[in-house]
Amino acid sequence: MAEPESSTAAAGGSRLRNACGGVLCAFTLLLIGVLAFSIRLFSVIKYESVIHEFDPYFNFRVTQVAKFSKHSVVSGDCLCVHCSNILSKRFLGYLPFNKGEAKGTGAGLMAAAILAMVPSYISRSVAGSYDNEAVAIFALIFTFYLYVKTLNTGSLFYATLNALSYFYMVCSWGGYTFIINLIPIHVLLCIVTGRYSSRLYIAYAPLVILGTLLAALVPVVGFNAVMTSEHFASFLVFIILHVVALVYYIKGLLTPRLFKVAMTLVITVGLTYASKYIPIIASVSEHQPPTWPSYFMDINVLAFLIPAGIISCFLPLSDASSFVVLYLVTAVYFSGVMVRLMLVLAPAACILSGIALSEAFDVLTRSVKYQLSKLFDDSPAASGDSSAESSSASTVSTNSAKNETRPEKTETAPKEKPSKKNRKKEKEVAESVPVKPKKEKKLLVLPMEASVLGILLLIVLGGFYVVHCVWAAAEAYSAPSIVLTSRSRDGLHVFDDFREAYAWLSHNTDVDDKVASWWDYGYQTTAMANRTVIVDNNTWNNTHIATVGTAMSSPEKAAWEIFNSLDVKYVLVVFGGLVGYPSDDINKFLWMVRIGGGVFPHIKEPDYLRDGNYRVDAQGTPTMLNCLMYKLCYYRFVETDGKGFDRVRGYEIGKKHFKLTHFEEVFTTHHWMVRIYKLKPQKNRVRGKLKKLKSGSKASSTNAAGRKKNPWQ
């Protein structure tokens with residue numbers, strides 16, 4: 001009767017231990033969520049509740065329209081500012097991604113804590129970043145989790161949820177193509193390495209069929225889900241998977257000899273039809289590849305923990321761990337294409353770093369516990385016995401985690417009556433014990449000094465990571481692009497020129513007036529000034545953007561004719577030469593020339609370069625010094641210091657004194673960062689030039705001649 005009571009007590013103790021562990025995990029997740037939310041509030045505390053960057057202003061504008069709709073319940077601008085901060089907390093889904101699917105609860109908690117502070121993710125989820133990525137990263141990882149879950153269980157229920165999660169990702173962000181290419185690569189890897197199973201088929205086939213049908217329902221995607229090259233890899237692997245499934249099915253029906261004959265025949269025929277079209281994912285031209293310092297800036301010390309996490313995934317290698325490694329490899333490759341895809345690399349780096357830290361702490365703490373148990377033994381004999389018992393206990397515990405059949409043997413042992421069987425089993429255990437404990441003891445138990453030193457080093461490493469993440473959140477990624485700051489000996493200077501210019505447009509222009517600027521500022525002008533723009537961040541028509549680029553690259557008269565034909569009333573340019581703001585239109589001007597010249601051949605980039613160098617000083621070309629962009633940026637600039645010294649370019653401008661004949665300056669912000677010009681009316685321009693002409697017949701003929709000379713028609 002004692003044995004059942006002891007087993008019942010042990011079961012009760014294990015249940016209590018699991019319950020306490022669950023409560024502790026939930027409390028830890030709550031603290032991680034508070035940390036993640038708090039670290040993203042620096043932008044609001046240091047500045048104010050404003051939308052960051054340029055693209056999120058389109059989402060903000062749509063929200064404003066929805067807010068004033070009849071049945072809307074949108075609470076206002078505060079919700080837009082904190083939306084990304086709130087939605088990004090769903091990254092706690094990383095815990096189930098690791099729990100039971102990859103490397104356990106400890107790795108999941110560690111990955112969640114690391115991801116809560118990683119600078120790469122903070123850059124897209126800080127308060128005010130009202131953009132798609134804050135929502136999409138959760139959908140990305142949740143889709144991966146459901147795929148791995150389906151791969152481990154073979155459940156059609158999880159396969160259906162996986163397709164729905166993929167549909168959510170398609171609705172959120174264009175980066176869904178990363179999912180529909182990474183998962184086929186993993187399926188193909190499993191097939192090549194001989195890890196095909198029915199679970200693999202269930203995990204992939206419903207995703208391709210149901211996921212593609214759902215993706216086609218999204219208006220932006222439509223038939224592109226089956227017609228573009230980004231999706232061809234999934235269909236190719238889908239066909240290969242069915243071929244492999246058919247081969248395994250036939251293999252089960254035929255004898256080995258007949259199967260060899262059939263495979264020989266199929267391979268002979270199949271070699272004549274090789275696959276010719278493999279989709280290649282190209283980089284986006286306007287995004288630049290990252291530099292090595294940007295990797296250290298965005299993932300910091302995680303770069304040193306990733307190799308250890310990869311090694312842990314191979315001990316042992318499973319479908320889930322192989323998918324994590326494959327995710328990292330592909331994310332590293334695509335992050336090297338453009339800086340923006342560093343956001344895709346961050347979750348993989350956090351997961352593998354969490355696995356590495358969890359495994360390291362597990363080994364180090366187990367070693368300390370084992371060494372302390374030896375240290376506090378009473379006698380040498382007892383210490384020898386206890387060490388043997390503890391070593392054997394640690395060996396049995398590790399073996400029980402790897403071999404699921406061991407607990408079944410211990411449960412059935414008391415019920416066995418024949419002594420011969422017991423003797424045989426004792427012999428088997430005696431034979432198996434001397435082989436494995438020595439190896440596992442060498443691998444899992446470290447000296448006391450090394451274990452303590454390792455724990456201290458990991459704590460110091462974590463401290464450096466926390467300090468770097470807090471600094472990145474407070475300084476690097478908190479400043480909104482619409483409100484700029486700089487530090488000097490006089491203290492902190494705030495440049496609020498963008499909002500100053502948009503406020504002027506809103507209060508001093510008519511609602512129907514059209515504003516022309518480079519496409520970067522289109523969303524902000526529409527959202528904050530409530531004025532129509534010619535091009536914005538969502539303009540897909542390359543000719544439309546090239547038209548604006550051609551106008552900026554043309555002489556003043558030709559540019560006036562282009563803007564007048566587009567019914568433009570005001571032209572907005574961004575200039576940083578006075579305060580040293582490098583992201584101004586002068587530095588972006590060559591892109592305007594290239595895009596304009598790609599559609600209108602009379603715009604040629606070499607005409608704006610002097611010996612291959614882009615200059616706006618006295619060495620600048622006449623074409624450069626007479627184009628509209630130069631004149632709108634540097635008009636009256638010499639009046640600021642008497643020399644016309646450009647702080648961004650680092651030299652005096654070439655053409656200092658000139659007048660505008662077709663445009664008039666109507667507003668310049670306090671720091672000269674935004675300048676707004678108005679197109680002069682045609683009648684005033686003609687009257688000023690043709691004073692000796694009597695009437696309007698000649699003026700009308702002049703207008704007709706001007707229209708014929710329009711360079712972009």
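The values are calculated or read from the model by the stated rules, or taken from the named source; none is laboratory data. It should be emphasised that the depicted structure is a prediction, and the values quoted were computed from it without experimental measurement. Quick reminder, even Gly has a Cβ in these numbers, built from the backbone with ideal geometry, and neighbours come from all protein chains shown. The protein model used for the area step is the full one, side chains on, heavy atoms only, and it has no ligands, DNA or RNA in it. Shrake-Rupley method; radii C 1.70, N 1.55, O 1.52, S 1.80 Å.
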Worksheet, complete the sentence: In terms of the charge dipole of region 491-677, which places +1 on Lys and Arg and -1 on Asp and Glu at the beta carbon, the residue among ALA501, ILE586, TYR521 farthest towards the positive end is ILE586
Worksheet item: Working out 0.36 nm times the residue gap between ILE459 and ALA26, then minus their Cα-Cα distance, what length gain in nm do you get to one decimal?
Response: 153.6 nm
Worksheet entry | Calculated from backbone phi, Karplus (6.51, -1.76, 1.60) coupling profile of region 112-122 in Hz, x at Gly/Pro | 5, 5, 5, 5, 4, 10, 5, x, 4, 7, 4
Worksheet item: Non-local amide H neighbours of ASP646 (under 5 Å, H modeled in plane, Pro and chain starts lacking H): which ones?
Response: TYR651, GLU652, ILE653
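Using the heavy atoms of the protein chains alone and a 1.4 angstrom probe, what is the accessible area of region 552-667 per residue in square angstrom?
On the way: 4910 Å² over 116 residues.
Result: 42 Å² of accessible area for each residue.
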Response to the item:
The distance between the Cα centres of region 232-255 and region 509-553, in whole Å, is 53
Discussion item. Check which residues have an amide H placed less than 5 Å from THR532's amide H, if you skip close sequence neighbours.
Written reply: VAL515
Discussion item. I want to check the label-to-label distance for GLU48 and VAL599. Put each point 7 Å from Cα in the C-beta direction and report it in nm to one decimal.
Written reply: 3.7
Practice prompt. Can you grab the distance from the C-alpha centre of region 169-217 to the C-alpha centre of region 14-49, Å, no decimals?
Written response: 32
Worksheet entry | region 491-677: Lys pairs at Cα distance under 12 angstrom, eight or more positions apart or on different chains | 7
Discussion item. Quick check: pseudo-label points 7 Å beyond the Cα along Cα→Cβ at ALA205 and ARG610, how many nm apart are they?
Written reply: 7.0
Worksheet item: Of all accessible surface on region 491-677 at a 1.4 Å probe, what whole percent is carbon and sulfur?
Response: 49
Worksheet entry | Residues whose placed amide H lies under 5 Å from that of ALA216, excluding near-sequence neighbours | none
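Roughly how many debye, to the nearest 20, is the charge dipole of region 491-677 about its Cα centre, given +1 on each Lys and Arg Cβ, -1 on each Asp and Glu Cβ, and no other charges? If you can, show how the numbers build up before the last one.
Numbers: 19 positive and 23 negative charges, 88 e Å.
That gives a dipole near 420 debye.
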Discussion item. Quick one: 3J(HN,Hα) in Hz for region 154-160, Karplus 6.51/-1.76/1.60 with θ = phi - 60°, rounded, Gly and Pro as x.
Written reply: x, 8, 5, 5, 5, 5, 5
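Would you mind getting me the FRET efficiency between ILE311 and LEU253? Use the beta-carbon distance for r and R0 = 45 Å, nearest 0.05.
On the way: r = 42 Å, r/R0 = 0.93.
Rounded to the nearest 0.05, the efficiency is 0.60.
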Worksheet entry | VAL368, VAL187, reordered so the largest accessible area comes first (probe 1.4 Å) | VAL368, VAL187
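Between LEU246 and MET448, what length in nm is gained on full extension when 0.36 nm per residue of separation is reduced by their alpha carbon distance? Each step should come with its number before you reach the end.
Details: separation 202, 0.36 × 202 = 72.72 nm, distance 5.60 nm.
Extra length from LEU246 to MET448 when fully extended: 67.1 nm.
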Worksheet entry | Sequence ranges 105-112, 132-139, ranked by mean other-Cβ count within 10 angstrom, highest first | 105-112, 132-139
